[in-house]
Amino acid sequence: QVKLVESGGGLVQAGGSLRVSCAASEGTFGRSCMAWFRQAPGKGREFVASSSWIGNTHYAASVAGRSTISRDNTRNTLELQMSALKPEDTAVYYCAASGRFMTSLGVDYDYWGQGTQVTVSS
């Protein structure tokens, strides 16, 4: 069982930056594909970014070029740094872990955090 706890959400103005973090409780973090998903009010869950255990990264087109996903396998932590934030980035951001090497499909993720709210004001 892997427990994931997100932190770092908050309110930020459009054009600003924000970093969200995820702490994992279990040692297998180092071999897991880790990802960020988000869900805006009234919408479905959306893939944001993922990182393989060796550092390969993949981003959704909506955040590519203004987001960076990073992980520290020695500390079991995952971060997402976002800049040039837009009101449409407003959502609950979830950290997730998968046993696959690399995937952007939500169904492939076995463990999820409780989420952290990010609100971007215009």
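The values are calculated or read from the model by the stated rules, or taken from the named source; none is laboratory data. None of the values given here were measured: they were computed from a predicted structure. We place every Cβ from the backbone using ideal geometry, glycine too, and count neighbours over all the protein chains shown. Side chains are part of the model used for accessible areas, which takes the heavy atoms of the whole protein and leaves out ligands, DNA and RNA. Shrake-Rupley method; radii C 1.70, N 1.55, O 1.52, S 1.80 Å.
Points worth noting:
- Val2, sole failed condition from (1) in a loop (DSSP other than H, G, I, E, B); (2) open to solvent by 70 Å² or more (accessible area, probe 1.4 Å); (3) in contact (Cβ under 8 Å) with a residue 12 or more places away in the chain: (2)
- Glu79 vs. criteria under 10 Å from the mean Cα position of the chain (by Cα) and among the charged types (D, E, K, R): yes
- Residue in segment 59-80 that is touching a residue at least 60 places away in the same chain (Cβ under 8 Å) and of a type outside the set (Phe, Trp, Tyr) present: yes
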